Every structure is written in structure tokens, then in C-alpha cells.
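> Pasting in a structure now, in C-alpha cells, and then I'll have a few things to ask.
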Amino acid sequence: MVARGSWVSPTRREWALVSLCGVLWFGAYNVALNGAERRIDAGTAAMLVNVGPILIALLAGWLLHEGFPRRLLVGAGIAFSGAILIGVATTSRAPSDLWGVVLCLIAASAYAIGVTAQKPALTRLPALQVTQMACVIGALVCLPFAGQLLTGLGHAGTSHAFDVVYLGLVPTAAAFGTWAYALSHTTAGRMSVTTYLVPPLTILAGWPLLGERPPALAVLGGLVALGGVAVTRRRG
């Protein structure tokens, strides 16, 4: 929660920006992605959603006047190639559902537009406040699914209920809060490309924690993704 004394009254423009971020990124993105992952495998979903950072770099360069630095574009391309290699290595051979693919692309677009709207809101508003506002707006967007949530929790075991709570507290509250803080200190384009670190980190975590030994192609993809992110962080 944002402390009462640290609350900064948003302007109409800031309300509009945060609302757009909350509706699209905190709401539509999560609904679309979850719907997609019920139809297609995780590898395919990851490849499609990883179009998002590329879209953010393009939108930020155009709408936020961040420009199109060569290192950013080259690094983003390299990192995206690494994400594709990881996706290919972890994709099942079953045919993909068309609606699952469409939902992934909707999720990537919602993510890109949401982040592009969030960045200017962070110019004056505190990162924690923007995250809290967007979370509340995203929750309101998801209210039509509240009945399904309650029904599902009623039939789920304790471990599954804990997983839902964990997803709300850590990947949503903590991760989105730290993301907003970091975004307020860099450009949207460079920040978005750092998310290509997620696939290789997931591979590293899944190996010891879940016993999932990654394919050699996935390891190669992880190294390529790391190299691409490193290119975007170099100066000069």
C-alpha cells in the first residue's frame, strides 16, 4: 500500500495513462495469456509473447521520442533470436490452436501498449503508487471472472490455492513494483529488452528446482539472449 503522506494526486492525463496500463497490462494481458496457455504449449506461448519487447522498443521510439539506437535494435534482435531458440527447444510437436496464437499476440500487444503508457506516468508519480493504482484497475477489469475464481478455489487443493496467492504477491505485487521503479530510471526500450533475461533464468531455475534438464538448444538460446541484452546495455 502507498503511505498516505507519499500519495501524489494524479492529473487527468496521468489517470488516463495509468488506467490504460492497468486495463491492458495488468488486466487484458494476464487474461489473454492465461487463455492462450490453456490452448497451446508453453514454448510456443513464450515465443509469441516475446514479440512484446520489440513492440515496446518501437512504440517508445515513436511515441515517447526515445529514438531507435542501433545497439538497442541489434541487441533486441539478438535477444529475440535467443528466445526463439528456447521456444523451439521447448515446444511440443502438437499443432498449435489458432485462437491460442491469437490470444498470445493480443497479450503481447496489450503488454507493449501498457508499458508505453506506464513510462510517462512514472515521470512524476512514485513507482509504488503507479503499481498500486494499476493493480486495482487490473483487478476491476478481472472482476467478471471472480465467480470462476471462487468456484475453482473451492475445488482446488491447498497447494493450488497457495500458488494463486503466491502469483498475486510475488510475480504481480513485488515484480511489477520493482519493474516500475527500474522503468522510472531508464528508457522503456532498454528496460523492455531486459525481459529477455527471463527465459534463460527460468531454465536455470527449473533445472535444480524442478529437475527439468534443458535441451542443448535451449541452453544455446539462453546464451544468445544474454548476449543480446548485454549488447543493449553497452555504452558508446
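> Can you give me the distance in nm between label points at Leu217 and Arg71, each placed 7 Å from the Cα along the Cα-to-Cβ direction?
3.2 nm
> Calculate one ³J(HN,Hα) per residue across the stretch 121-133 by plugging θ = phi - 60° into the Karplus curve 6.51 cos²θ - 1.76 cosθ + 1.60, and present them in order as whole Hz with x for glycine and proline.
Once θ is set to phi - 60°, the couplings for the stretch 121-133 become 5, 7, 4, 10, 7, x, 4, 5, 5, 4, 5, 5, 4 Hz.
> On to the next question. At a threshold of 8 angstrom on Cα-Cα distance, excluding pairs fewer than six apart, so keeping six or more, what relative contact order does the stretch 14-233 reach in percent? Intermediate results must be reported in sequence, preceding the final value.
Details: 307 pairs, mean separation 84.9, N = 220.
Computed over the stretch 14-233, the figure is 39 percent.
> Return the calculated 222 nm mean residue ellipticity for the chain, to the nearest 500 deg cm²/dmol, obtained by summing -39500 (n - 2.57) across DSSP H runs with n ≥ 4 and dividing by the residue count.
Values: 13 runs with 164 residues, N = 236.
Using -39500 (n - 2.57) per qualifying helix, the result is -22000 deg cm²/dmol.
> For Thr158 and Ser81 in one chain, what is 0.36 nm times their gap in residues minus the Cα-Cα distance, to one decimal in nm?
Working: separation 77, 0.36 × 77 = 27.72 nm, distance 3.91 nm.
Additional length available on full extension: 23.8 nm.
> Enumerate the calculated ³J(HN,Hα) couplings along the stretch 35-40 in order (Karplus 6.51 cos²θ - 1.76 cosθ + 1.60, θ = phi - 60°), each rounded to whole Hz, writing x wherever the residue is Gly or Pro.
For the stretch 35-40, the Karplus-derived couplings read x, 5, 6, 7, 10, 10 Hz, x marking Gly and Pro.
> Each residue of the stretch 213-229 in turn: what ³J(HN,Hα) in whole Hz from Karplus with 6.51, -1.76, 1.60 and θ = phi - 60°, glycine and Pro shown as x?
Ordered by residue, 3J(HN,Hα) equals 6, x, x, 4, 5, 5, 5, 4, x, x, 5, 5, 4, 4, x, x, 5 Hz.
> Also, quick follow-up: Which part of the stretch 38-76 falls in the paramagnetic zone of Trp99, meaning amide N under 12 Å from the point 7 Å along Cα-to-beta-carbon?
38-40
> Pairs of Cα atoms under 8 Å, at least six residues apart: use those to get the relative contact order of the stretch 115-230, whole percent.
With pairs under 8 Å counted, the relative contact order is 30 percent.
> Assign unit charges at the C-beta atoms only (+1 for Lys and Arg, -1 for Asp and Glu), then state the dipole size of the chain relative to its Cα centre in Debye, rounded to the nearest 20.
That gives a dipole near 740 debye.
> Lys/Arg Cβ at +1, Asp/Glu Cβ at -1, dipole of the chain taken about the Cα centre: which of Tyr181, Gly27, Ile86 is farthest positive-ward?
Tyr181
> If you don't mind, there's one more thing I want to ask. Treat every Asp and Glu Cβ in the stretch 1-94 as -1 and every Lys and Arg Cβ as +1, leave all other atoms uncharged, and give the resulting dipole magnitude about the Cα centre to the nearest 20 debye. Intermediate results must be reported in sequence, preceding the final value.
Values: 8 positive and 4 negative charges, 17 e Å.
Taking the Cα centre of the stretch 1-94 as origin, the dipole is about 80 debye.
> Give me the one-decimal nm value for the distance between modelled label points at Val136 and Leu64, 7 Å along each residue's Cα-to-Cβ direction.
In this crude spin-label approximation the distance works out to 2.4 nm.
Here, each number is a calculation from the coordinates, and none is a lab measurement. A quick note: this is a predicted structure, and the numbers were derived from the prediction, not measured. For neighbour counting, all protein chains shown are included, and Cβ atoms are generated from backbone atoms with ideal geometry for every residue, glycine included.
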